[in-house]
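The values are calculated or read from the model by the stated rules, or taken from the named source; none is laboratory data. These numbers come from a predicted model, not from an experiment. Because the Cβ atoms are built from the backbone with ideal geometry, glycine has one as well, and the counts that use them run over all protein chains shown. Please note that ligands, DNA and RNA were not included when accessible areas were found on the heavy atoms of the full protein model with its side chains. Shrake-Rupley method; radii C 1.70, N 1.55, O 1.52, S 1.80 Å.
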Amino acid sequence: ATVLIRGETGTGKELVARAIHAASSRAQQPFVPVDCAAIPETLWESELFGSIRGAFTSAEKDRAGIVEQARGGTVFLDEIGEIPTSFQAKLLRFLEAKEYRPVGATAPKTAKARILAATNRPLETMVEAGAFRADLYHRLYVLQIAVPSLRQRPQDIPLLANRFLQEANRRQRRNARLEPEAMQVLQAHDWRGNVRELKNAMERMVA
């Protein structure tokens with residue numbers, strides 16, 4: 001099933017997606033993350049579906065798109081709310097029929113890649129505003145996982161802080177440790193950047 005993972009920036013939505021992939025029957029196939037905010041509107045079709053030789057000026061040979069590169073694995077569309085409306089209908093077609101057409105091709109192709117998506121944006125509001133297709137939203141919303149912010153799970157802060165401390169010590173060849181008073185400060189902080197901010201803070205403290 002398609003899974004929509006929701007949560008604030010830095011909560012670890014990609015880790016959730018990787019865990020889903022690792023627990024699935026596709027675990028031996030590639031996991032391909034896509035930063036939707038980083039792809040220009042005009043390149044979406046060729047990036048995801050590929051292109052054939054001669055499709056445009058610089059297309060000197062056939063180029064496999066992301067869904068083909070996944071080889072039956074998982075494509076993770078991070079921040080799917082950033083996908084331009086001009087491409088949403090084609091993505092919907094792929095989700096429904098697993099069919100796509102490389103840029104310049106005359107016949108459709110099929111791919112068995114699974115789509116996982118994540119967003120920190122209110123898709124329902126975007127649908128009402130006409131910025132996101134309602135049919136695509138409902139097709140993505142088969143299963144939903146809401147990842148809570150770090151503020152909502154303060155009991156996780158000691159676990160995460162010690163894990164990130166161990167990783168930073170190993171990378172920097174240090175032996176830093178957290179005093180109880182330091183842990184109290186960490187637990188009192190509101191962590192607007194969530195787990196990512198905490199990880200960076202531990203790296204900075206060890207340095």
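The table below gives the values:
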| read-out | value |
| --- | --- |
| Qualifying chymotrypsin sites (Phe, Trp or Tyr not before Pro) in region 14-104, DSSP loop, other Cβ atoms within 10 Å at most 15 | PHE56 |
| Lysines whose Cα lies under 19 Å from that of LYS13, excluding same-chain neighbours fewer than 8 positions away | LYS199 |
| All lysines inside 17 Å of LYS98 as judged from Cα atoms, apart from same-chain residues fewer than 8 positions distant | LYS90, LYS109, LYS112 |
| Taking the convex hull of Cα positions in the chain, its mean projected area over all directions (nm²) | 14.2 |
| Candidate aspartates and glutamates - alpha carbon under 18 Å from LYS61, same-chain residues fewer than 8 apart omitted | GLU45, GLU47 |
| Helix-only CD estimate at 222 nm, as mean residue ellipticity for the chain, using -39500 (n - 2.57) per DSSP H run (n ≥ 4) | -12000 deg cm²/dmol |
| Sulfur and carbon atoms: percent of accessible area, region 91-140 [1.4 Å] | 50 |
| Tilt relative to the chain, helix 13-22 - C-alpha long axis, 0 to 90 degrees, to 10 | 70 |
| Net lengthening on full extension, HIS138/ASN162 (0.36 nm per residue, minus Cα-Cα) | 4.7 nm |
| Antiparallel DSSP beta bridges within the chain, percent to nearest 5 | 15 |
| Trypsin sites (Lys or Arg not before Pro) restricted to region 114-207 and DSSP loop, no more than 16 other C-beta within 10 Å | ARG173, ARG174, ARG177, ARG192 |
| Per residue solvent-accessible surface (Å²) - the chain, probe of 1.4 Å | 56 |
| Shape call, region 1-91: gyration tensor on alpha carbons, a/c limit 1.5 | oblate |
